[in-house]
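Presented below is the structure to which this report refers.
The values are calculated or read from the model by the stated rules, or taken from the named source; none is laboratory data. Predicted model, so just to flag it, every value in this text is computed and none were measured. We place every Cβ from the backbone using ideal geometry, glycine too, and count neighbours over all the protein chains shown. Quick note on the areas: whole protein, heavy atoms, side chains included, nothing else; ligands and nucleic acids left out. Shrake-Rupley method; radii C 1.70, N 1.55, O 1.52, S 1.80 Å.
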Amino acid sequence: MQLHVNHSPKPGDAARFAADIIEIAADISGAELDYGPASIAVIEDIVDGFRADGATSGEMADSLVAFGCYVGEVLIRHVGGSWHHTPDALHVVPLAVRLPGECECHPVDWVFGRLELGSRGSIRELYAAAVASVTAEADG
(Lines give C-alpha, C1' and ligand atoms only; values in the text may rest on other atoms or scores of the structure.)
Protein backbone atom coordinates (compact mmCIF):
# COMPACT_ATOMS: atom_id res chain seq x y z
CA MET A 1 0.00 0.00 0.00
CA GLN A 2 1.55 3.29 -1.05
CA LEU A 3 0.40 6.38 0.82
CA HIS A 4 1.70 9.86 0.98
CA VAL A 5 2.11 10.62 4.66
CA ASN A 6 2.82 14.29 5.25
CA HIS A 7 4.74 13.73 8.45
CA SER A 8 6.29 10.29 8.23
CA PRO A 9 8.07 9.84 11.54
CA LYS A 10 11.63 8.82 12.01
CA PRO A 11 12.44 6.67 15.04
CA GLY A 12 13.31 9.73 17.11
CA ASP A 13 9.99 11.39 16.23
CA ALA A 14 7.61 8.58 17.20
CA ALA A 15 7.27 9.54 20.88
CA ARG A 16 6.38 13.12 19.90
CA PHE A 17 3.78 11.88 17.41
CA ALA A 18 2.27 9.76 20.19
CA ALA A 19 2.17 12.70 22.60
CA ASP A 20 0.60 14.93 19.94
CA ILE A 21 -2.18 12.44 19.19
CA ILE A 22 -3.04 12.22 22.89
CA GLU A 23 -3.77 15.95 22.90
CA ILE A 24 -5.62 15.86 19.58
CA ALA A 25 -7.80 12.89 20.62
CA ALA A 26 -8.68 14.61 23.90
CA ASP A 27 -9.59 17.86 22.14
CA ILE A 28 -11.65 16.27 19.37
CA SER A 29 -13.41 13.38 21.09
CA GLY A 30 -12.63 13.67 24.78
CA ALA A 31 -10.67 10.41 24.58
CA GLU A 32 -8.35 9.78 27.49
CA LEU A 33 -5.12 8.10 26.48
CA ASP A 34 -2.69 7.32 29.29
CA TYR A 35 -0.17 4.95 27.67
CA GLY A 36 -1.82 2.04 29.48
CA PRO A 37 -2.48 -1.21 27.61
CA ALA A 38 -6.23 -0.77 28.19
CA SER A 39 -6.10 2.44 26.15
CA ILE A 40 -5.52 0.38 23.01
CA ALA A 41 -9.27 -0.35 23.09
CA VAL A 42 -9.83 3.41 22.89
CA ILE A 43 -7.62 3.55 19.79
CA GLU A 44 -9.64 0.74 18.24
CA ASP A 45 -12.86 2.62 18.98
CA ILE A 46 -11.53 5.80 17.40
CA VAL A 47 -10.35 3.97 14.28
CA ASP A 48 -13.66 2.10 14.13
CA GLY A 49 -15.36 5.50 14.14
CA PHE A 50 -13.25 6.57 11.15
CA ARG A 51 -14.26 3.34 9.40
CA ALA A 52 -17.96 3.85 10.20
CA ASP A 53 -17.73 7.35 8.72
CA GLY A 54 -16.34 5.86 5.49
CA ALA A 55 -12.88 7.38 5.90
CA THR A 56 -10.08 5.89 3.82
CA SER A 57 -6.55 5.18 4.90
CA GLY A 58 -5.35 7.84 2.46
CA GLU A 59 -7.57 10.48 4.05
CA MET A 60 -6.60 9.50 7.58
CA ALA A 61 -2.95 8.58 7.00
CA ASP A 62 -1.37 11.17 9.30
CA SER A 63 -3.75 10.36 12.16
CA LEU A 64 -3.31 6.63 11.68
CA VAL A 65 0.47 6.99 11.76
CA ALA A 66 0.23 9.00 14.98
CA PHE A 67 -2.10 6.45 16.59
CA GLY A 68 0.34 3.72 15.53
CA CYS A 69 3.14 5.63 17.21
CA TYR A 70 1.00 5.80 20.34
CA VAL A 71 0.46 2.01 20.28
CA GLY A 72 4.21 1.55 19.82
CA GLU A 73 4.88 3.79 22.80
CA VAL A 74 2.51 1.68 24.91
CA LEU A 75 4.56 -1.39 23.95
CA ILE A 76 7.86 0.30 24.72
CA ARG A 77 6.68 1.62 28.07
CA HIS A 78 5.28 -1.72 29.20
CA VAL A 79 7.66 -4.33 27.80
CA GLY A 80 10.71 -2.37 26.69
CA GLY A 81 12.20 -1.93 23.28
CA SER A 82 12.83 0.98 20.98
CA TRP A 83 11.85 2.49 17.65
CA HIS A 84 13.86 1.57 14.56
CA HIS A 85 13.78 2.30 10.87
CA THR A 86 12.86 -0.74 8.83
CA PRO A 87 13.67 -0.78 5.12
CA ASP A 88 10.95 -3.35 4.42
CA ALA A 89 8.78 -1.93 1.63
CA LEU A 90 5.80 -4.01 2.74
CA HIS A 91 5.01 -1.63 5.57
CA VAL A 92 2.96 1.56 5.36
CA VAL A 93 5.65 3.50 7.21
CA PRO A 94 9.22 2.17 7.49
CA LEU A 95 9.10 2.32 11.28
CA ALA A 96 9.10 -0.59 13.71
CA VAL A 97 9.40 -1.28 17.40
CA ARG A 98 12.15 -3.72 18.24
CA LEU A 99 11.19 -5.44 21.46
CA PRO A 100 13.51 -7.26 23.86
CA GLY A 101 14.57 -10.52 22.26
CA GLU A 102 14.74 -8.82 18.85
CA CYS A 103 11.06 -9.32 18.01
CA GLU A 104 10.04 -6.60 15.56
CA CYS A 105 6.52 -5.18 15.58
CA HIS A 106 4.79 -2.74 13.25
CA PRO A 107 2.15 -0.92 15.31
CA VAL A 108 1.54 1.68 12.60
CA ASP A 109 0.56 -1.15 10.25
CA TRP A 110 -1.71 -2.56 12.98
CA VAL A 111 -3.66 0.70 13.09
CA PHE A 112 -3.97 0.89 9.29
CA GLY A 113 -5.11 -2.74 9.36
CA ARG A 114 -7.84 -1.88 11.84
CA LEU A 115 -9.24 0.75 9.49
CA GLU A 116 -9.09 -1.61 6.52
CA LEU A 117 -10.32 -4.79 8.24
CA GLY A 118 -12.46 -3.57 11.13
CA SER A 119 -12.62 -5.95 14.08
CA ARG A 120 -10.74 -8.61 12.06
CA GLY A 121 -7.69 -6.31 12.46
CA SER A 122 -7.51 -6.42 16.24
CA ILE A 123 -4.80 -4.14 17.58
CA ARG A 124 -5.38 -5.61 21.05
CA GLU A 125 -4.68 -9.14 19.79
CA LEU A 126 -1.51 -8.04 18.01
CA TYR A 127 -0.39 -6.16 21.12
CA ALA A 128 -1.07 -9.25 23.29
CA ALA A 129 0.89 -11.45 20.88
CA ALA A 130 3.85 -9.04 21.00
CA VAL A 131 3.79 -9.00 24.80
CA ALA A 132 3.54 -12.80 24.86
CA SER A 133 6.57 -13.09 22.58
CA VAL A 134 8.64 -10.97 24.96
CA THR A 135 7.39 -12.98 27.95
CA ALA A 136 8.17 -16.29 26.20
CA GLU A 137 11.65 -15.03 25.29
CA ALA A 138 12.30 -14.00 28.90
CA ASP A 139 11.05 -17.35 30.24
CA GLY A 140 12.87 -19.53 27.79
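Looking across the range 104-119 at every residue that is among the aliphatic types (A, V, I, L, M) and open to solvent by less than 20 Å² (accessible area, probe 1.4 Å), the one that is farthest from the chain's Cα centre (by Cα) is identified as Leu115. Please enumerate the residues belonging to the range 75-98 that are open to solvent by 40 Å² or more (accessible area, probe 1.4 Å), out of contact with any helix residue (DSSP H, G or I) (no Cβ under 9 Å at 6 or more places or on another chain) and modelled with pLDDT of 85 or more. Matches in the range 75-98: Arg77, Pro94, Arg98. Residues in the range 63-89 that are over 16 Å from Phe112 (Cα atoms) and hydrophobic (A, V, I, L, M, F, W, C): Val74, Leu75, Ile76, Val79, Trp83. Restricting Glu44, Glu23, Glu32 to those that are acidic (Asp, Glu), modelled with pLDDT under 95 and under 19 Å from His78 (Cβ atoms) reduces the list to Glu32. Selection of first residues in the range 48-62 that are over 15 Å from Gly113 (Cβ atoms) and of second residues that are exposed (fewer than 12 other Cβ atoms within 10 Å of the Cβ) and polar (S, T, N, Q), restricted to Cβ pairs under 9 Å at least 6 apart or on distinct chains, gives the following pairs, ordered by first then second residue: Asp62/Asn6.
Ser122 falls short on exactly one of the conditions (1) in contact with a helix residue (DSSP H, G or I) (Cβ under 9 Å, 6 or more places away or on another chain); (2) at pLDDT below 95, and that condition is (2). Listed by first and then second residue, the pairs linking a residue in the range 115-140 that is at positive phi to a residue that is open to solvent by 60 Å² or more (accessible area, probe 1.4 Å) and at pLDDT 95 or above, with Cβ atoms under 8 Å apart and 6 or more places separating them unless they lie on different chains, are Gly118/Arg51. Considering Gly49, Gly12, Gly101, Gly58, the condition of being farther than 17 Å from Glu125 by Cα, open to solvent by 40 Å² or more (accessible area, probe 1.4 Å) and in a helix (DSSP H, G or I) is satisfied by Gly12 alone. Looking across the range 23-46 at every residue that is free of Cβ contacts under 8 Å to residues at least 24 places away in the same chain and within 13 Å of the chain's Cα centre (by Cα), the one that is surrounded by the most Cβ atoms within 10 Å (Cβ to Cβ) is identified as Ile46. Do the conditions hold for Ser63, that is, is it open to solvent by 20 Å² or more (accessible area, probe 1.4 Å), among the polar types (S, T, N, Q), modelled with pLDDT of 90 or more and touching a Lys or Arg at 6+ places or on another chain (Cβ under 7 Å)? Considered against the rule, which asks whether it is open to solvent by 20 Å² or more (accessible area, probe 1.4 Å), among the polar types (S, T, N, Q), modelled with pLDDT of 90 or more and touching a Lys or Arg at 6+ places or on another chain (Cβ under 7 Å), Ser63 comes out as no.
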